[in-house]
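Remarks on the structure that follows.
The values are calculated or read from the model by the stated rules, or taken from the named source; none is laboratory data. Note that the coordinates shown come from a computational prediction; the quantities given were computed from them, not determined experimentally. Glycine also receives a Cβ, built like all others from the backbone with ideal geometry; neighbour counts cover every protein chain displayed. When the accessible area is computed, the model is the full protein with side chains, heavy atoms only, and any ligands, DNA or RNA have been set aside. Shrake-Rupley method; radii C 1.70, N 1.55, O 1.52, S 1.80 Å.
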Amino acid sequence: MKAKDLSIIILTKNGGDLFKDVLAGLFACDGILEAEVLVIDSGSGDATLDYAKHYPHIRIHRIPASEFGHGKTRNLGARMTTRPIIVYLVQDATPATPDFLTWLTGPLGEEDFVGAFGRQVPRPSTNRIERIFLESRYPAHREVRVHLDQRPLGIHSIFFSNVCSAIRRDIWERIPFDESLIMSEDQLWAKQVLLAGHRILYEPSAMVFHSHNYGLRDVFKRNFDSGASLVGVAQDTFADMASYEVRHLASCVRELARVGDLRLVPYLFAYEATGAAAFAVGQRAHLVPRCVKRMLSLHKYHWEDHQAATGSTETAAANQ
C-alpha cells in the first residue's frame with residue numbers, strides 16, 4: 001500500500017505532551033505527506049489541538065464530548081475520509097519506526113487481509129506487571145485470524161485493537177463499527193468479518209509505543225467496561241476463561257522468577273484477580289443499577305442514556 005491510499009484517523013481529548021510525540025512519530029513515517037490525516041477532537045482543554053495545528057497537512061474536526069463513542073466516532077472519521085485504506089491511531093500510540101505504515105497496511109494490498117493491527121510495546125517508564133501483560137498480549141510473531149469451522153469464536157480468536165489498526169474501506173462500508181458498545185468495537189468488528197469469511201492479521205513489525213501504569217482501581221474500571229461490552233460477543237465458556245487465566249498466571253510468575261522480581265507476585269495476583277472480578281461483574285451489568293454502573297465504569301458517559309446502558313448487551317447478543 002502506498003501512503004496516497006491511506007486515510008489516517010486519530011481520536012483525541014487532552015492528549016497532552018505525549019500527543020506531540022505521537023505526531024512527530026507519525027510524520028516521520030515514509031510518504032506521510034501523501035496520506036490523508038484527520039484528527040477528531042472531543043473537547044480538549046490543553047495544547048492537543050495546538051500540536052495538531054503545527055502540521056498544516058492535518059484536518060481537524062471538533063465534536064462535543066457528549067457525542068463521543070468508540071465505534072461512533074471511528075465511523076464518523078471513516079465517513080469524513082475517502083482513501084481505500086483506513087488507519088486508526090490513538091493519541092498516545094507513537095509509531096516506533098519510519099516504516100510503521102508500510103508494515104501495518106502492506107498486508108491489506110499484498111496478502112488479501114481485510115484488517116491488520118500492530119504490536120504495542122511498553123514505554124521505558126512502564127512497570128513490570130504492565131510490561132508482562134503487553135508482552136503476553138502482543139507477541140513477537142505474526143498471527144493470522146481466520147474462521148474455518150463452526151467452533152465458537154472466543155475472546156482471543158477475535159482480539160483486534162484499534163490502538164493502531166488498518167482496515168479496508170470497502171469492508172468497513174459493509175461492516176461498520178457497532179455504535180452501541182461502550183468499548184471493544186474493534187473486537188466485535190473482527191468477529192463479524194471473520195464470520196463473513198475474511199482474514200485478519202496481527203503484524204508485530206508494525207510497532208507503536210503504547211502503555212499505561214494502571215492502578216487496581218483503573219484495572220477494575222477497564223475490565224468492567226470490557227466485560228459489559230463483550231456480552232454475547234466472545235463465546236468463551238467459564239472453563240475456557242479459567243484455563244487461560246491459570247496459564248497466564250503461571251507464565252507471569254515464570255517471567256518474574258526469570259528477572260528476579262518475585263516480590264511482585266502478590267501484586268500480580270491482586271492485579272489479575274481484580275481484572276477477572278471486574279470482567280465478571282461487567283458481564284452482568286444488566287443486573288446492576290445505573291448509578292452503580294457509572295461508579296464502576298471508566299466511561300461514565302456511556303451510562304447517562306438508559307438505552308445506551310442496555311443497548312450494548314442487546315446488540316452484542318444479536319451478533320452471536
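Return a yes/no flag: does the range 96-119 have any residue that is in contact (Cβ under 8 Å) with a residue 12 or more places away in the chain, part of a strand (DSSP E or B) and open to solvent by 10 Å² or more (accessible area, probe 1.4 Å).
Checked against the condition, which is being in contact (Cβ under 8 Å) with a residue 12 or more places away in the chain, part of a strand (DSSP E or B) and open to solvent by 10 Å² or more (accessible area, probe 1.4 Å), the range 96-119 yields at least one hit.
Take residues that are open to solvent by less than 10 Å² (accessible area, probe 1.4 Å) and touching a residue at least 60 places away in the same chain (Cβ under 8 Å) and tell me which of the helices (runs of 4 or more DSSP H) falling wholly in the range 1-93 contain 2 or more. Show your work before the answer.
Values: elements: 16-26, 48-53, 70-79.
By residue number, 16-26, 70-79.
For SER125, which of the numbered conditions (1) at pLDDT 95 or above; (2) not in a strand (DSSP E or B) fails to hold?
Here SER125 meets the rest and fails (1).
Provide a single number: the residues in the range 219-235 that are farther than 26 Å from MET295 by Cα and open to solvent by less than 50 Å² (accessible area, probe 1.4 Å).
So the first thing to find is which residues in the range 219-235 are farther than 26 Å from MET295 by Cα, and the list is 235.
In the following step, the residues that additionally are open to solvent by less than 50 Å² (accessible area, probe 1.4 Å) were identified as none.
The qualifying residues number 0.
List, please: which pairs have Cβ atoms under 8 Å, are six or more places apart or on different chains, and start with a residue in the range 225-253 that is at positive phi and end with one that is open to solvent by 30 Å² or more (accessible area, probe 1.4 Å)?
Matching pairs, first to second residue: GLY232/THR313; GLY232/ALA317; GLY232/ALA318; GLY232/ASN319; GLY232/GLN320.
Scan ALA190, ALA206, ALA166 and give me the residue that is over 21 Å from THR73 (Cβ atoms), within 16 Å of the chain's Cα centre (by Cα) and either of a type outside the set (D, E, K, R) or open to solvent by less than 20 Å² (accessible area, probe 1.4 Å) (or both). So that I can check it myself, show each step before the final result.
On the way: ALA190 fails: over 21 Å from THR73 (Cβ atoms); ALA166 fails: over 21 Å from THR73 (Cβ atoms).
Going through ALA190, ALA206, ALA166 in turn, just one is over 21 Å from THR73 (Cβ atoms), within 16 Å of the chain's Cα centre (by Cα) and either of a type outside the set (D, E, K, R) or open to solvent by less than 20 Å² (accessible area, probe 1.4 Å) (or both): ALA206.
Looking only at the range 292-320, which residues are open to solvent by 50 Å² or more (accessible area, probe 1.4 Å) and modelled with pLDDT of 90 or more?
Matches in the range 292-320: ARG294, MET295.
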